[in-house]
Amino acid sequence: MLKKHWKEIVIGLVTGVLNGLFGAGGGSVVVPAMEKFLGIDEKQSHATAILVIFMMSIVSAVVYVRKGFFDLRLWAWVTAGGVVGGLVGAKLLKKIPKKWLKIGFGGVIIVTAVKMIF
């Protein structure tokens, strides 16, 4: 079974390491990797990535909480906004053409990269 799913496992390992190191960032790897190496449609890869990242984030969060790197008040407010944003984003995903989804995702990655460097 491992031989059959080696691509998926490698994508998951790389994404998990990035998520564990940076607390995020796995989406910027898992989405294009699923598209390129697994041949998955853009919308399906974005939707699948959400659940993949959710599961990895739970594991990373447990480690961070145990080490004391957690602010309950900050978490509550950011989560409230994130839940609303997630609902809006999930509804928009159905309506946005694949071309614009790729352009938007690429733009977010570029802006994020530039902000992290400077």
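Quick test of your reading of the structure: Lys99 fulfils all but one of (1) in a loop (DSSP other than H, G, I, E, B); (2) loosely packed, with under 10 Cβ neighbours inside 10 Å. Name the failing condition by number.
Here Lys99 meets the rest and fails (1).
Of all residues being in contact (Cβ under 8 Å) with a residue 40 or more places away in the chain and within 17 Å of Leu18 (Cβ to Cβ) in segment 60-93, which is nearest to the chain's Cα centre (by Cα)? Just the residue, please.
Ser60
I want to confirm something. Restricting to segment 1-21 and keeping residues that are under 13 Å from the mean Cα position of the chain (by Cα), free of Cβ contacts under 8 Å to residues at least 40 places away in the same chain and more than 11 Å from Ser60 (Cβ to Cβ), which single residue is most open to solvent (accessible area, probe 1.4 Å)? Let's see the steps before the verdict.
First, pick out the residues of segment 1-21 that are under 13 Å from the mean Cα position of the chain (by Cα): 11-12, 14-20.
Next, from what is left, pick out any that are free of Cβ contacts under 8 Å to residues at least 40 places away in the same chain: 11, 14, 17-18.
Keeping just the survivors that are more than 11 Å from Ser60 (Cβ to Cβ) gives 11, 14.
On the way: Ile11: 18, Val14: 71 Å².
Looking at residues that are under 13 Å from the mean Cα position of the chain (by Cα), free of Cβ contacts under 8 Å to residues at least 40 places away in the same chain and more than 11 Å from Ser60 (Cβ to Cβ), I get Val14.
In this structure, is Phe54 modelled with pLDDT under 90, surrounded by fewer than 14 Cβ atoms within 10 Å (Cβ to Cβ) and outside any helix (DSSP H, G or I)?
Against the criterion (modelled with pLDDT under 90, surrounded by fewer than 14 Cβ atoms within 10 Å (Cβ to Cβ) and outside any helix (DSSP H, G or I)), Phe54 does not qualify.
Counting just the residues of segment 57-79 that are outside any helix (DSSP H, G or I) and open to solvent by 70 Å² or more (accessible area, probe 1.4 Å), which one comes out modelled with the lowest pLDDT? Show your work before the answer.
So in segment 57-79, the residues outside any helix (DSSP H, G or I) come out as 67-71.
When the remaining residues are screened for being open to solvent by 70 Å² or more (accessible area, probe 1.4 Å), the result is 67, 69-71.
Numbers: Lys67: 92, Phe69: 89, Phe70: 85, Asp71: 90.
Looking at residues that are outside any helix (DSSP H, G or I) and open to solvent by 70 Å² or more (accessible area, probe 1.4 Å), I get Phe70.
I'm told Phe37 meets every condition in (1) within 24 Å of Lys4 (Cα to Cα); (2) in contact with a helix residue (DSSP H, G or I) (Cβ under 8 Å, 6 or more places away or on another chain); (3) open to solvent by less than 100 Å² (accessible area, probe 1.4 Å) except one. Can you identify the failing condition by its number?
Phe37 satisfies all of (1) within 24 Å of Lys4 (Cα to Cα); (2) in contact with a helix residue (DSSP H, G or I) (Cβ under 8 Å, 6 or more places away or on another chain); (3) open to solvent by less than 100 Å² (accessible area, probe 1.4 Å) except (3).
The values are calculated or read from the model by the stated rules, or taken from the named source; none is laboratory data. Not measured: the values here are computed from a predicted model. Virtual Cβ from ideal backbone geometry, glycine too; neighbours counted across all protein chains shown. These accessible areas exclude ligands, DNA and RNA; they are computed on the full protein's heavy atoms, side chains included. Shrake-Rupley method; radii C 1.70, N 1.55, O 1.52, S 1.80 Å.
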